[in-house]
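Accompanying notes for the structure given below.
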Amino acid sequence: MFAINNSIEKKIYKKIKEYPKIVIARHVGPDPDAIASTTALRDSIRLTFPEKEVVAVGLGVSKFKYYGILDKIEASDFKDSLLIVLDVPNLARVDGIEGLEYKEIMKIDHHPAEDIKGPVDWTNEKSCSTCQMIAELILKTPLKLDTKIAGNLYLGIVSDSDRFLLPYTTNETFKVVHDLIRASKLEFTSLYNYLYDRSIDEVRFQGYLATNMKVSENGLGSIIIPSDVIKEYHVDLATPANLINNFNFIREVLVWTFITEDVKNNVYKVSIRSHGPVINEVASKYHGGGHKYASGARITSEEEIEAFLQDLDTLCEEYKRASISNL
């Protein structure tokens, strides 16, 4: 018998065990951490409880198809189900749950808490990724693990920590990765192509970003990417967000942001990263949120873009001034 103490992982496991129907969802515009944590948890619950109906919902991204195919459902078939939301603190940004009349909601997330609250809520801002948290959940409970599940979790951890370079990486991250590899006998080096394989179009698009990014005197790097550029380079709307971490370690840049025009949804999708200034409060002001140094937002007009860039530039200026005064 698998022995676990009275922990948050135990409470989550007991809630999973209680429901015959479970829907797992994550944020819109998913990254590898969101997709991988969703499919890994779904597949682990299915493996542990074959009699349950467990689905992972949301719009799929062809680039991330390795992590598993998402489920198409009729919301009415999952009435009174348990809804588990991963990697998202804001209900408005949960993808694929339109019309779903769930009985309870449970959240597992590493972003600062917002409006999603249920009988069991696991928010851990110190975790590098939601995949790290799902790995901990599986390793500390009777939930089952196989090589595919472990591979998804490993790639989610590597991606969201930017290969363990970001400050959210801790000794606990490395411990979880060690335990995950040992428990699954995962051949992890063979997985990196799923994260870092690039088409020549993406490489050329990255060159476009580098050539056209503006850098202010205060250290704000920014680029607005029109929809026709996305078409010209034969990439998709998710590509700028997937490339933004490649612009780390630029000496003249404190904060950098990619603003991508999404004509279909009449919105600009925004990714933001930082070397020091805390950016998530600015992101929240513009219909987004996230971590202190990695956030996203959604902007609806060119006027709003100007205000957004000014706010970030002011943030950089204040950070530089404070840094000088502390010398």
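All of the numbers you see were taken from the coordinates with simple rules; none came from a lab. Everything quoted here is computed from the prediction, not taken from an experiment. Here the Cβ is made from the backbone with ideal geometry for all residues, glycine too, and neighbour counts use every protein chain on show.
To the nearest Å, what is the center-to-center distance of the range 295-327 and the range 145-184, using C-alpha atoms only? Between the Cα centres of the range 295-327 and the range 145-184 lies a distance of 32 Å.
Stretching E252 away from D80 to a fully extended chain increases their span by 56.7 nm, per 0.36 nm per residue minus the current alpha-carbon distance. Across the range 8-195, the relative contact order, built from alpha-carbon pairs under 8 Å that are at least six residues apart, equals 23 percent. Of the trypsin sites (Lys or Arg not before Pro) found in the range 250-298, those that fall in a DSSP loop while having at most 14 other beta-carbon atoms within 10 Å are R251, K264.
How big is the charge dipole of the chain about its Cα centre, in debye rounded to the nearest 20, if each Lys and Arg gets +1 on its Cβ and each Asp and Glu gets -1 on its Cβ? Mind showing how you got there, number by number?
Numbers: 39 positive and 47 negative charges, 256 e Å.
Dipole of the chain, to the nearest 20 debye: 1240 debye.
If Lys and Arg each add +1 and Asp and Glu each add -1, what is the summed charge of the other residues whose beta carbon sits under 10 Å from the beta carbon of K292? Before the final figure, lay out the partial values.
Details: positive: none; negative: E125, E281.
Net local charge, K292 excluded: -2.
Identify the chymotrypsin sites (Phe, Trp or Tyr not before Pro) of the range 234-312 meeting these criteria: DSSP loop state and at most 10 other C-beta atoms within 10 Å of the C-beta. Walk me through the numbers before you get to the answer.
On the way: sites: F247, F249, W256, F258, Y268, Y286, Y293, F308; in loops: F249, Y286, Y293.
Taking the range 234-312 and a limit of 10 other Cβ atoms within 10 Å, the loop chymotrypsin sites (Phe, Trp or Tyr not before Pro) found are F249.
In a DSSP loop and with at most 16 other Cβ atoms within 10 Å, the GluC sites (Glu not before Pro) in the range 1-106 are E51, E74, E98, E101.
For the residues D71, D33, D197, a GNM of the chain with alpha-carbon springs under 10 Å puts the largest fluctuation on D197.
Looking at the chain, what % of its DSSP beta bridges pair antiparallel, to the nearest 5? Mind showing how you got there, number by number?
Values: 19 of 43 bridges.
Looking only at bridges with both residues in the chain, the antiparallel portion is about 45 percent.
Restricting to bridges with both residues inside the range 200-325, how much of the DSSP beta-bridge set is antiparallel, in percent to the nearest 5? If you can, show how the numbers build up before the last one.
Numbers: 18 of 24 bridges.
Approximately 75 percent, going by the DSSP bridge assignments.
Between the range 26-96 and the range 98-124, the C-alpha centres lie 13 angstrom from each other.
Relative contact order for the chain: what percent, with Cα pairs under 8 Å and sequence separation of 6 or more? List each step's numbers first, then the result.
Details: 581 pairs, mean separation 40.3, N = 327.
Relative contact order for the chain comes out at 12 percent.
For a protection proxy built on the mean count of beta-carbon atoms within 10 angstrom, sort 218-231, 83-96 highest first, please.
Details: 218-231: 17.9, 83-96: 22.2.
The packing order, highest mean first, is 83-96, 218-231.
For K264, the aspartates and glutamates whose Cα comes closer than 14 Å to its Cα, not counting residues fewer than 8 places off in the same chain, are D228, D236.
So for the chain, taking the charge dipole from beta-carbon charges (+1 Lys/Arg, -1 Asp/Glu), which of Y268, I324, P89 sits furthest toward the positive end? Among Y268, I324, P89, the one farthest towards the positive end of the dipole of the chain is P89. Taking amide H positions as modeled 1.01 Å from N, with prolines and chain starts lacking one, the residues under 5 Å from I24 and 5 or more places away or on another chain are V55, A56, V57, I84.
When shorter helices are ignored and each DSSP H run of at least 4 residues is given -39500 (n - 2.57), the per-residue value for the chain at 222 nm works out to -11500 deg cm²/dmol. Each other residue within a Cβ distance under 12 Å of V55 adds +1 if Lys or Arg and -1 if Asp or Glu, for a net charge of 0.
Counting charges near R26 (Lys, Arg +1; Asp, Glu -1) among other residues having Cβ under 10 Å from its Cβ returns a value of -4.
Over 29 Å between Cα atoms: which of K21/K292; K21/K269; K21/K148; K21/K285; K63/K140 fall into that group?
Numbers: K21/K292 35 Å; K21/K269 33 Å; K21/K148 23 Å; K21/K285 36 Å; K63/K140 31 Å.
Going by Cα-Cα distance, K21/K292; K21/K269; K21/K285; K63/K140 fall outside the 29 Å limit.
For a quick check, take a GNM of the chain with Cα springs below 10 Å and name the residue from S295, S184, S62 with the largest mean-square fluctuation. Ranking S295, S184, S62 by mean-square fluctuation puts S62 first.
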